[in-house]
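Throughout, read-outs are computed from the coordinates displayed, never taken from laboratory work. Because the structure is a prediction, the values reported are computed rather than measured. Cβ coordinates were reconstructed from backbone atoms using ideal geometry, including for glycine residues, and neighbour counts include every protein chain displayed.
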Amino acid sequence: MADKVFDPAKSDLLQSIRLEASAGTGKTYNLERVVCELIERYGIPLESILVVTFTNKAARELKERIRKLLNERAAEGDENLQEARKNFDRAPIFTIHAFCQHVLQSYPFESSSPFSQEFLTDNSLAEEGVEEVLYRQFMNIPGEKRDNLRSFFAKGLEEGSRSLVRDAVKALDEGDSIRLPSDAVIRKVLEETELYGKGEGDIRLAADELLAFAPDAERIHGIFKELKTGLRPVTAQNAASVWEILPKTEGLYSWLERLFKKSGNKKTPIENLLCLREDTLREKSKDGKGAADLTHSEDSELCRSVERLFEALEPLLDPSDNSKTIYFKTLSFTFLKEIVDEALPVIQNKKNLKGARDFSDLIRVLSDILEKEPDGALASVLRQQYKVVLVDEFQDTDSRQWSIFKTLFDRPGHNYFLIGDPKQSIYGFRGADLTVYFEACKTVAEENRFSLGTNYRSRKDMVAACNLFFSRLFALEVPGFAPVPFEEVGAGNDKVAIAVNAAGEEQSALQFCEISLDDDSVITRSPGRLKENWMSWTAREIESLLSGSLLLRDEKGTKPMEAGDIAVLMEKNSDCEAMQSLLASKSISSVIFSERKIMESEEAEVFASILHALSSPGSRGGAGAFLLTSAFALSPEELQSLRESDAYEEYLLFLREAQELCNQGHLIQFFRTLFEQELTLSFMKGRDSWRNRLLKTSSGKRACTNLTHLAEIFHNEQRQRSLDTRELYDLFLHQLNDPEGDEDRQVRLDQDGQAVQILTHHSSKGLEFPVVFFFGAGAKGVPAKSSQFNYYWEGRRYKDYLLTAESKKKADLSDWEERKRLYYVSLTRASSLLYMPWFPEGDFTYLSSMYAALLEDSIVEDEDDIFSGESLQEMWPLHSNYKFRNGKKDQLSPQKRAVNDRIASGLQALASDQPALFSYRFEPLDLTAVSKSESGMGADFELSTPEWKASDLFRQRITSVVSFSSLTSDVHAVESPDEDADRDRQEESPDSEELTGALGLTRGAGFGNLVHCILEEMDYSHAAQPLTVWLDEDGLFGPSEALLFLEERALKFFDQNWWKENKQALCEMIHDVLNSPLEKVGPLRELKIEQKKHELEFLMSTDAGNRVSLEDWSAVLKKGYLKGFIDLIFEKDGLLYIADWKTTVPPGKGSLKDYTAANLNKTMILHRYDLQAMIYAYALKRYMKSLNPDFSYEKEFGGIYYFFVRGMGSDGQRGIHFVRPSEEDVMGLIGEGQI
């Protein structure tokens, strides 16, 4: 029976309901309306409607959405809704953990819980318990247990101890997992170990019998020859060496260690013995003969003794690979299990003494209580409180959580809503169990099973593309796993923006981009190169999009793409950071979301100072450090002066009053006063609010969001735990050093709308973006080197410590099943444009299987020598099929290459057949532009976006994006045009002398980027301090703020050694730059924040045939854009000036005399900075005219300063070039109507 379409206004909401909601179909929209309908239509009080979800982010969003809808509908006059609006603060909207914590704290009598409870946010107590047990164990380790410990300490005592504690803590909460090895295997291993030590047991007897033979290589080769096996003498020689390696030992551990030990690339002794097994001999023999057919009985007995050894070892061997043993893993687990069993009561006792519970306790304790007494006091009081529960994201539940809801609400007079989507179950690593989801859904009557079948997020073509992609992917089943049903959805939003080119032509929704290496690399050994190429191409494509190559068109019109329209979805945090670096190299703003935690931000350090001052208002250090933060922004000199005045007592009184307020639970109230209002303190009189001052800085929005987020987090912590300021500060310090963190402490995206969003696939859930770049699916299983495998198989969850080949296979398939769902989540984030890579030289990965599913008819042919007549289902999943092994030296096998070719052809055919849905692009390895001198193109050189592998007609529509560097590249023949390519140009002299100070600082683009970063972000007023203060590392409050700032920025580009060697020279250079007296404007240190604007980007469209000319130089522009950045614009005495930082070294020896006015004139012409100055002046005029049509270039433009920072001094006599091109010259260069 097909699901019915759900309508909250018409459905019977007093029945238990299952609502399945595919991505983008309005799940939250319907959920919030269910709440309002329950209140309005059925009169159920808001306090009796329990709403539970699984993340803090989702709970916050639900609360805001429900509040907003209640306000809107209550305005229509319904009394029930009006009452709910008044009492909304009592709305029971929780995460599952918060709900359990609320119950156990609110009903201590009914739950037999302590009245005072501490909630543990980390594993510290568990680690204490495990360490305590380990200490007792290590005090006197019996001999029979020492082998159990050896594998833990293979990498040394310290690392082994950490590993043991870590694994034991993980094993504390097994949930309903089946653990491997089983108890039967553990008993067998311990029994054989004990018997071997006594000289008894099957293994000892078989080993003694085998070792008594000691055959030489000639005898073994004689056996091979007699049976006509074709095995070579070297094989016989390797087999004979086993008897030399395996003398008797006292313990089974040591003997097996030798038997299974690998030496370099050689086989292990056990592998060398395989050639004498009966199965091997009969398989290799031309006549199918075995040991019984040998002429000499002694030879037959030798082979039989080998067979008896393998039979004795069988319980200890990997069932799917007899050359490996489970013995060592079993012993390790045995000790681990013993530690865990002994630690559990110790940890529980510690918790009881402190009245503490952790995350795992919350759900377990409540579930156990309700399961033991389903009609007990706690269940009764909860049923009185709640009539209905809405469980959001139900696909991420587990058996304990479902047990809680089923026990409470599967009763007359109560009902439940199970809201989720099995295709979006992506938290298996946290215990989410799809089997529970499917079983729970069966408890809902068929007539009450609904689904949402219309996608309101994405454009029609994107919905159709995803329907085709995932209907085929989910249709292919994996043995051992329940199939996840996929129902196609319709498109319901015709107002979604669509990507178009400059001619207004709509772009395909899903774009496959072929990324090739164009060489003979061993691909399976260099997957990183493919990843790097895709990331590099992505960065360049984003640059092209932001330069106007594509636009977004909706019902309101057409607009350029902004950085905030674009998301890059990555697999790992390290990939996110690499992507951000690539974008930063192109001056593209980006922000990493999710795994980057708020406690790692600079604002966390500021917030720590606030809490420190509040916790100890009389502390000289805490109170003083607070004044040095951005909240007050005092300098050390100002602080010292304040301490010597009466105003300091006023400040201390302010802190004491604030402490009293915060101790009453009003941290957020104090923060808002501090943050948003002008402080009444006498020494702050006339200064703007902290918030407003931050917003005037380049990263101010980010700082404001982080500070507000921190205040909200710790306000909630204070309310939940009833903490005073001292306890709050302790908690903050603890969480500051917590390596795990939680979702509530992730950096928010609130103020990052003008930055490209970089996030992991998991973090993308619930978000949407017009443009998405997909990065991932490059794995083909779980890492082989793990301490355990966690996987699902045939409806059961396993925690496997044996790491056998069979368990690896199951773990790989389990991971693939969850990854399919994860990629469904990430690919459905795109509303307008989705980019996916294809690597034709790449090894088989998850991505290969995804494309194979999409192209099944193109991949498998009727008469197929590759698939041998089997269907794709029979070979599924493709990436793990044993038939597609790689060739020699890990080169791709011919079969894999053939399949990759079919995928490429299939994707191209799909794009040809359905161009509105798909397109196929070919992107060569060399993603950089070629200089004019290399290409021979002369003055008509054009830097274009990477071309599509498409028709000439399309190529004619490609938009070019030209920077100043590419425009002038004929002067220097630079290999790749880069906005920052001129930052550190130099002319080498054969007789360059040894340079010191700023002149001797590092050459190269990295240093140029560092200088630009410093002069963009630094507070220039710091330069009012003497240089000696900057360099003083032992001041009253430690190193100066300027020194700390410079160190932090330097370490973003160089290492600690570079900073130590160049610290003084860098400080001197920046100090001189900011103090150099400029003839028309004075020193830069006097500029206030409101007088400066950094990094102004300009983007000007050009028509084909336009020419930029300057004396004897000219360039013809093509249709496209001229792009650049102005380092600094500042205002002084009513005039606007431009500043440009140059780390370029003028011609000469690099000494100070090369920075004279005459030599800088030559440098300006040599590097065509005179042309750059004209373009900057033109761009500034255009910019000011857009703000003020009455702007006068002649009256309001002061000129342009070029600062050659290496050679500047504090006297202003060198390193500075000033130019003020006339308006007539500027317009003559470019022409009013040309750009």
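Around the Cα centre of region 185-325, unit charges on the Cβ atoms of Lys, Arg, Asp and Glu (plus for the first two, minus for the last two) sum to a dipole of about 560 debye.
The packing ranking of peptides 69-82, 1207-1220, highest mean first, is 1207-1220, 69-82, where packing means the average number of other beta carbon atoms within 10 angstrom of each residue. The orientation-averaged projected area of the convex hull spanned by the Cα atoms of region 279-338 comes to 5.2 nm². Between ASP410 and GLU638, the simple spin-label model (points 7 angstrom out along Cα→Cβ) gives 6.5 nm.
Charge dipole of region 292-449 (Cα centre as origin; +1 on each Lys and Arg Cβ, -1 on each Asp and Glu Cβ, all else neutral): 1220 debye, rounded to the nearest 20.
Of all lysines in the structure, the ones whose alpha carbon falls short of 21 Å from that of LYS68, not counting any fewer than 8 places away in one chain, are LYS27, LYS57, LYS86. Note on region 571-647: Rg/Rh from C-alpha atoms, Kirkwood Rh, equals 1.21.
The alpha-carbon atoms of region 347-487, seen along their principal axes, cover 59, 38, 31 angstrom, with the largest extent given first. Rounded to the nearest 20, the Cβ-based charge dipole of region 1055-1230 about its Cα centre (Lys and Arg +1, Asp and Glu -1) stands at 360 debye. Extent of region 405-473 along its three principal axes (Cα atoms, max minus min coordinate, largest first): 46, 30, 19 Å.
Farthest toward the positive end of the dipole of region 418-506, out of GLY453, VAL478, GLN424, is the Cα of GLN424, where the dipole comes from beta carbon charges about the Cα centre.
Once you've got the Cα coordinates, tell me which of LYS696/LYS1092; LYS266/LYS809; LYS324/LYS820; LYS261/LYS785 are over 21 Å apart. Result: LYS266/LYS809; LYS324/LYS820 exceed 21 Å. In terms of packing, defined here as the mean over residues of other Cβ atoms within 10 angstrom, the peptides 780-790, 448-458, 215-225 line up highest first as 448-458, 215-225, 780-790.
Sorting 431-441, 1066-1076 by average packing, meaning the other beta carbons within 10 Å per residue, from highest down gives 1066-1076, 431-441. Taking the square roots of 5 times each eigenvalue of the Cα gyration tensor of region 1055-1230, largest first, gives ellipsoid semi-axes of 29, 20, 16 Å. One equal scatterer on each Cα of region 598-745, no solvent, Debye formula: the resulting log10 I(q)/I(0) at q = 0.15, 0.19 Å⁻¹ is -0.76, -1.23.
Add +1 for every Lys or Arg and -1 for every Asp or Glu among the other residues with Cβ under 9 Å from the Cβ of SER11, and state the total. Write out the running numbers ahead of the final one.
Working: positive: LYS4, LYS10; negative: ASP7, ASP12, GLU37.
Net charge in that neighbourhood comes out at -1.
Taken as Cα centroids, region 359-427 and region 541-610 sit 39 Å apart, rounded to the nearest whole angstrom. Ordering TYR1178, ALA1139, HIS1167 by the projection of their Cα atoms onto the charge dipole of region 1131-1180, which places +1 on the Cβ of Lys and Arg and -1 on the Cβ of Asp and Glu, puts HIS1167 at the extreme positive end.
Pairs over the 28 Å Cα-Cα cut-off, from the set LYS531/LYS1142; LYS423/LYS495; LYS350/LYS372: LYS531/LYS1142.
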